[in-house]
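Remarks on the structure that follows.
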Amino acid sequence: MAPPNDPASPLLSTRKHDDSSDKYFDLSNGKFSVKGFPLLSEVPSNVTFAPLFSSVCKPPDAPLALLQRVKALSHKGGFLGFHKEAPSDRLINSLGKFTGREFLSIFRFKTWWSTMWVGNSGSDLQMETQWVLFNVPEIRSYVIIIPVIDGSFRSALHPGTDGHVMICAESGSTKVTASSFDAIAYVHVSENPYYIMNEAYSALRVHLNTFKLLEEKAAPSLIDKFGWCTWDAFYLTVEPAGVWHGVNDFVEGGVSPRFLIIDDGWQSINFDGENPNEDAKNLVLGGTQMTARLHRLDECEKFRKYEGGSMLGPHPPSFDPKKPKMLISKAIELEHAEKDRDKAIESGVTDLSAFESKIQKLKQELDVMFCGDEKSVSTGSSGSCPCKADSYGLKAFTRDLRTTFKGLDDIYVWHALCGAWGGVRPGATHLNSKIIPCKLSAGLDGTMNDLAVVKITEGGIGLVQPDQAGDFYDSMHSYLASVGITGVKVDVIHTLEYVSEEYGGRVELAKSYYRGLSDSLAENFKGSGLISSMEQCNDFFFLGTKQISMGRVGDDFWFQDPNGDPMGVYWLQGVHMIHCAYNSMWMGQIIQPDWDMFQSDHLCAKFHAGSRAICGGPVYVSDSVGGHDFDLLKKLVYPDGTIPRCQHFALPTRDCLFRNPLFDKKTILKIWNFNKYGGVVGAFNCQGAGWDPKERRIKGYSECYKLMSGSVHVTDIEWDQKKEAAQMGEAEEYIIHLNQAEELLLVSPKSEAMQITIEPSSFEIFSFVPVKKLGTGIKFAPIGLTKMFNSGGTIQELGYFDSEAETCVKIEVKGGGNFLSYSNASPKKCFLNGAEVAFKWLDNGKLSLNLPWTEAAGGISKVAFLF
């Protein structure tokens, strides 16, 4: 508790009735008004409103600067509550109604994944809405309502009838009930749609004191780097020789991975009824492992049998790069046969012999294809003594990887929040686990059918008891750290809500697990070595992010539509970008947004690459061994495996916020970001698919998959969102560089918007660079390396030196290739790393020269132009 004279104490003191919050909010006569404007009508009499800090409570552990910031803006926010007569574990109440008011919202379309939705009535909201943002031009403001945690209850917004907004508060346990909530939803108002997110989540961080903002935490070191994830390359067939050859592919191709994620397939799992001491055999596709459980906490046999040095010797284990694809193809054939049988059962077919015969035949063929794999894993000799534990297994493998691939900084492995998809097998480890049946909240009835949910519900979860959560994670992670693993990708996070009945409800169970996970992260992986995934629900963000600082902001990368639409190979990619861009608005306040992997040889790989170039996070792919487009990757990645990363996380432009860039037939998705010396806007034609509320699935809208027109302007970049960028937003003129069209345009903030037309699944990246006016009428702006999608990100340092004798521009650039600047006059001389060199200048202002990649200098070239 803070001492009486602690400066934090006054922040949480009782607010007086005459506070300025009264000018912002009013709840009376069935209307909830903001700045005097009625936002919600027909508000029930049991709904209450209270200012942000309405009572004395324990001071939060937030930094003083954050506390003061929240205090200064506290009049712009407050809490809605409601009161019922009878207690229950799940309560639903109207907050009032609105119609004819455009909104942007985020809702859960699966247990673990969220996306955007727009509309203009409370009835247009989707189930499990995480927040709703209103455009209120009448008061030149935006208002957000965020359902939050109150006691042991979490909440979400649901659609009501006749325009009503419903709030659902649930504990996740019939043994945990309540009837009254004073702060079940937070309301905030701001004149800026981007400030409102930071202001609102800052206020909630202080109020709840159960999570931390991104600004308070260190992000994983891999955010500035290029990496490879094994998932789409192998699925569950991942094994050491394949991983080795995969990393080697990239190195030989000229783009060295700086991090590796060994995804699902490395763990020791088996199924109930099988030998508790043996790994499940011949698993290939995701889905087949979802009822399996951990039977030990270290690597599975195919990794345990790896012999140290075997990949370094003259006779390394054999690896056929075609083998994973053949296995995956056969497994897909088997999966389709099983689906055909299930459909036959649903349609009333009684004679299933033909289906079963085909399934058995395919299983036998798959088993035959696996023959010989066990020998290939451990073949080879290093001369090391097999009696030494570190001569085999993951420790030997990670050591050999780092011995050969010097730039490989990080090696992560995958695991589910509960261990494996099906948790931990009871009796198999020192941990006390119990198989808990799964119970889904009624709120998930409105979400998309999901194979993962079906499988997990079928098998239940082997849940380690909450009081052992810390031991559970530390046992796994301390072992992994000891064998050279530097981080984990934690997946399947939102299963806890399925199994919380006997554990005090979903909030209390989550607190126990996230406390254990956070402690282990701090102890074993330098406090930041974790990527969270399948986590996109408010429980996780409000309860699980005190330590976790990075997470996925989109659904999985799907290379094709699992439901069979042949056009899905195209339209699913735009859907992925929409998830990432809009989720970053709120998730980016708390974690570093991760836009996930893609495959560089995919039909829409370039489309993905353009978005990753300016997303502000790491770039990683899931290429199959031998399946790469290195020319494309070199537009994203430097030879040393680092990337020209933007300095913020990408967000939708203001004119996209209340539009649907997926199937409104008119909107191009535009996202903005900053580089050190300029801004960037990416325009992506994502039209062609989206959420269907009636069918409760994401599907294609072929009539929308067409050419789109729009506009781009320098004001699309929110320059004031980053202190270092604000001055760039005050320039009198800018040079715009069109990355794909290879054009330069000189504009001012008063110029008309640039009209653009973009093909389906295509894009353009616009770099906006402030023009510097120098002596004798010279105008100059550095663009960067034109071969890179984020050309502006290649500029590391920039200095202008103006005197009566001469004018000089000095630039430090990372990377090799054509370096472009704008100059309205030709320089007298150009110097590269101290030596005078030739350059090319054209009347249209294009000033260029070729830069080398010099390994010894870290790829940095020092360029100077004399005028």
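Gap in Å between the Cα centre of the stretch 788-805 and the Cα centre of the stretch 479-499?
Their Cα centres are 42 Å away from one another.
State which entries of LYS76/LYS212; LYS225/LYS699; LYS325/LYS634 exceed 29 angstrom in Cα-Cα distance in the structure shown.
Check vs 29 Å cut-off fails for LYS225/LYS699.
Cross-link partners among aspartates and glutamates for LYS665, C-alpha distance below 16 Å, same-chain residues fewer than 8 apart left out?
Straight-line reach from LYS665, under 16 Å: ASP655, ASP692, GLU703, GLU759.
Over all directions, the average projected area of the alpha-carbon convex hull for the stretch 17-173 comes to how many nm²?
10.9
Might you work out the accessible area of TRP558 for me, using a 1.4 Å probe with all protein chains in place, and round it to the nearest 10 Å²?
The accessible area comes out at roughly 90 Å².
With a 1.4 Å probe and every protein chain left in place, tell me how much accessible area MET550 has, in Å² to the nearest 10.
Accessible area, nearest 10 Å²: 0 Å².
In the chain, if the dipole is taken from +1 on Lys/Arg beta carbons and -1 on Asp/Glu beta carbons about the Cα centre, which of ALA650, ASN275, GLN687 is farthest to the positive end?
My answer, from the dipole projection, is ALA650.
For the stretch 533-687, just say rounded, prolate or oblate: build the C-alpha gyration tensor, square-root its eigenvalues into a ≥ b ≥ c, call rounded for a/c under 1.5, and beyond that prolate if a/b exceeds b/c, oblate if not.
Judged from the Cα gyration tensor, the stretch 533-687 comes out rounded (a/c under 1.5).
So what are the three principal axis dimensions of the stretch 597-696 from its Cα atoms, in whole Å, longest to shortest?
Projected onto its principal axes, the Cα set of the stretch 597-696 covers 46, 36, 19 Å.
Using all C-alpha to C-alpha distances in the chain, build P(r) with 10 Å bins and read off the rounded percent in each one.
Using 10 Å bins, I get a P(r) of 2, 12, 21, 24, 21, 13, 6, 1, 0, 0 for the chain.
Looking at MET127, MET116, ASN46, which one has the Cα that reaches farthest to the positive end of the dipole of the stretch 40-140 (charges on Cβ: Lys, Arg +1; Asp, Glu -1)?
Sorting the options by dipole projection puts first MET116.
Can you compute the charge dipole magnitude of the chain about its Cα centre, using +1 on each Lys and Arg Cβ and -1 on each Asp and Glu Cβ, nothing else charged? Give it in debye, rounded to the nearest 20. Working shown, then result.
Numbers: 86 positive and 104 negative charges, 248 e Å.
It comes to approximately 1200 debye.
Report the FRET efficiency, 1/(1 + (r/R0)^6), for ASN432 and ALA835, where r is their Cβ-Cβ distance and R0 is 45 Å, rounded to 0.05.
Step by step, r from the Cβ atoms, then E = 0.05.
Could you order LEU283, LEU362 by accessible surface area, starting with the largest, using a probe radius of 1.4 Å?
So the residues, ranked largest to smallest area, are LEU283, LEU362.
Using a ≥ b ≥ c from the Cα gyration tensor of the stretch 46-113 (square roots of the eigenvalues), is it rounded, prolate or oblate, where a/c under 1.5 gives rounded and otherwise the larger of a/b and b/c decides, a/b for prolate?
Since a/c reaches 1.5 and a/b is larger than b/c, the shape of the stretch 46-113 is classed as prolate.
Which of the three applies to the stretch 209-265, rounded, prolate or oblate, going by the alpha-carbon gyration tensor with a ≥ b ≥ c and a/c under 1.5 meaning rounded?
Oblate shape, in that a/c is at least 1.5 and b/c is the bigger or equal ratio.
With every protein chain present, what is the per residue accessible area of the chain (1.4 Å probe, Å²)?
Here the residues of the chain average 37 Å² of exposed surface.
Straight-line reach from LYS829: which aspartates and glutamates fall under 12 Å, measuring Cα to Cα and dropping same-chain residues less than 8 apart?
Excluding near neighbours in sequence, the set is GLU806.
I'd like the carbon and sulfur percentage of the solvent accessible area for the chain, probe radius 1.4 Å, heavy atoms only, ligands and nucleic acids excluded.
Accessible surface attributable to carbon and sulfur in the chain totals 50 percent.
In what order, largest first, do ILE139, ILE778 sit by accessible area if the probe radius is 1.4 Å?
Result, largest first: ILE139, ILE778.
Going by Cα centres, the stretch 679-740 and the stretch 530-554 are how many Å apart?
Rounded to whole Å, the Cα centres lie 25 Å apart.
Straight-line reach from LYS723: which aspartates and glutamates fall under 19 Å, measuring Cα to Cα and dropping same-chain residues less than 8 apart?
Once the sequence-local aspartates and glutamates are set aside, what remains near LYS723 is GLU191, GLU199, GLU215, GLU216, GLU732, GLU797.
Sorted by packing (mean other beta-carbon atoms within 10 Å per residue), highest first, where do 313-322, 701-710 land?
Those peptides, ordered most packed to least, come out 701-710, 313-322.
Trypsin sites (Lys or Arg not before Pro) within the stretch 769-810: which are DSSP loop residues with at most 14 other Cβ atoms inside 10 Å? Write down the numbers at each step before the final one.
On the way: sites: LYS772, LYS773, LYS779, LYS787, LYS810; in loops: LYS787.
Listed in order of number, the matching sites amount to none.
What are the GluC sites (Glu not before Pro) within the stretch 167-206 that DSSP puts in a loop, where the Cβ has at most 16 other Cβ atoms within 10 Å?
GLU191
Which of ILE262, CYS300, THR288 sits closest to the plus end of the dipole of the stretch 242-370, meaning its Cα is farthest towards the positive end, when Lys and Arg get +1 and Asp and Glu get -1 on the C-beta?
Of the options given, the answer is ILE262.
Just read off the accessible area of ASP561 with the full protein assembly in place, 1.4 Å probe, to the nearest 10 Å².
20
Give a quick list of trypsin sites (Lys or Arg not before Pro) in the stretch 821-854 that DSSP marks as loop, anything other than H, G, I, E or B, with at most 16 other Cβ atoms within 10 Å.
LYS828
The values are calculated or read from the model by the stated rules, or taken from the named source; none is laboratory data. Quick caveat, the model's predicted, so the values are computed rather than measured. Virtual Cβ from ideal backbone geometry, glycine too; neighbours counted across all protein chains shown. Calculation scope for accessible area: heavy atoms of the full protein, side chains included, ligands and nucleic acids excluded. Shrake-Rupley method; radii C 1.70, N 1.55, O 1.52, S 1.80 Å.
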